[in-house]
Amino acid sequence: KKHKPKRPKPDSPRTRSVTPDSNKIPHFESLIARDAKHRFLTKTKEFLSKQPEQILRLDDAGKLYRELGFPRGRKVTKFISRYPLLFTSYRHSDNKIWLGFTDFMDQLLLEERSIMEAMEEDRVTRIRKLLMMSKNKRIPLSKIYHKRLIFGIPEDFRDKIGKYPDYFRLVVEDDGKQILELVNWDPSLAVSALEKEFLVNEDKVKKAFKFPVKYGKDLRLEENDVKKLNLLNTLPLVSPYSDGWKLDSWSLEAEKYRVGIIHEFLSLTLEKRALIHHIVEFKEEFSLTRQTYEMLKRQPWTFYLAGTEMNWAVFLKDGYDENGNLIDKDPLLVFNEKLYKFAQMQEEEEEEEEISGFREKLRGD
């Protein structure tokens, strides 16, 4: 059977890379590709976990392509079959076929829940720091909930707010919108990741950002003089925990503030990266402008942009080593990597031994 050659994809923001091929960093690009590969797994896992019995009629699943993360017009059964260790379909007594988790996946979810419980204090701190960075020390609860996964915040965090009256206050506005407010300012948390790094490695932070001085060529400055001028222009940076939102929006200091905001935002994420729509979700709270893309492109020493012009991600480069591995890996990320590993497995005899060993470990724990 002859295969027709694939037609080249039309050039558009949906397909055009945000970074030229010559400047691409393979290990960051590979993480974007991995996300796309496991989109069905991550979306379906999240959606099914929220269902009352963690099951879904297959007829309904076929219509929920956005919620489950598969392309419109494709059969959901094709994607279910890619993950035989994690998802299963079966015929119920109502003679309908249902989608659910395998017993093995149920065990994995129990492990994930125990990790979430162990990391609760850490997640509370992340939310406190987000509120402390925000313009009025308040953020709509729905925004935090919708973007909770990048910070490792659990599904049920809204039910736990009442446990922390010294940190949070939940306010319901006239239109019914729920707003999470900061109760107490904690000076010990108002120290950014960049400021901490400055105490350890001052030279590294000095090279992290560049805000060049504009000057006429008739000055004929030597290269060393230009570097000194640029450094004077760059430092000091503006803390993301300051009232930088009050600065003139188009001033140099305001840009330093916004760059610092995004740096700190990314440092609070589990993977030291976020899609642009994760960031702009908080544009009002963090006083971001429409020039965010251009602003980030001016700081290639610290930020790396990956993906397409329509949907791109920002990486915090100093969160990774030279091989593209996260320097500080959260326990939940270790779990996710294990989940991806099992997702790639097929139910073959040589893999049963490893799975059985993992099950025994779960029982032992």
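Details
- Net charge contributed by nearby residues that have their C-beta within less than 13 Å of Lys96 (K/R +1, D/E -1): -1
- For segment 114-174, GluC sites (Glu not before Pro) meeting the loop criterion (DSSP other than H, G, I, E, B) and having at most 16 other Cβ atoms within 10 Å: Glu155, Glu173.
- Cα centroid separation, segment 253-322 to segment 44-66: 32 Å.
- Per-residue SASA entry for Trp245, accessible area with 1.4 Å probe, Å² rounded to 10: 80 Å²
- Sites matching chymotrypsin sites (Phe, Trp or Tyr not before Pro) across segment 247-300 that sit in DSSP coil, with at most 14 neighbouring C-beta atoms within 10 Å: Trp250
- At the residue level, Leu237 shows approximately 50 square angstrom of accessible surface with a 1.4 angstrom probe and all protein chains present.
- Placing unit charges on the Cβ atoms of the charged side chains and taking the dipole of segment 76-164 about its Cα centre, the candidate lying farthest along the positive direction among Pro84, Leu109, Ser142 is Ser142.
- A 1.4 Å probe run over the protein chains yields, for segment 109-319, 53 Å² of accessible area per residue, whole-number rounding.
- Relative contact order for segment 109-319, counting Cα pairs under 8 Å that sit 6 or more residues apart, in percent: 20 percent
- Apportionment of accessible area to carbon and sulfur, segment 21-101, percent (1.4 Å): 49 percent
The values are calculated or read from the model by the stated rules, or taken from the named source; none is laboratory data. Here the structure is a predicted model, which means the values were calculated and not measured. Backbone-built Cβ (ideal geometry, glycine too); neighbour counts: all protein chains shown. Note: areas computed on protein heavy atoms with side chains; ligands, DNA, RNA excluded. Shrake-Rupley method; radii C 1.70, N 1.55, O 1.52, S 1.80 Å.
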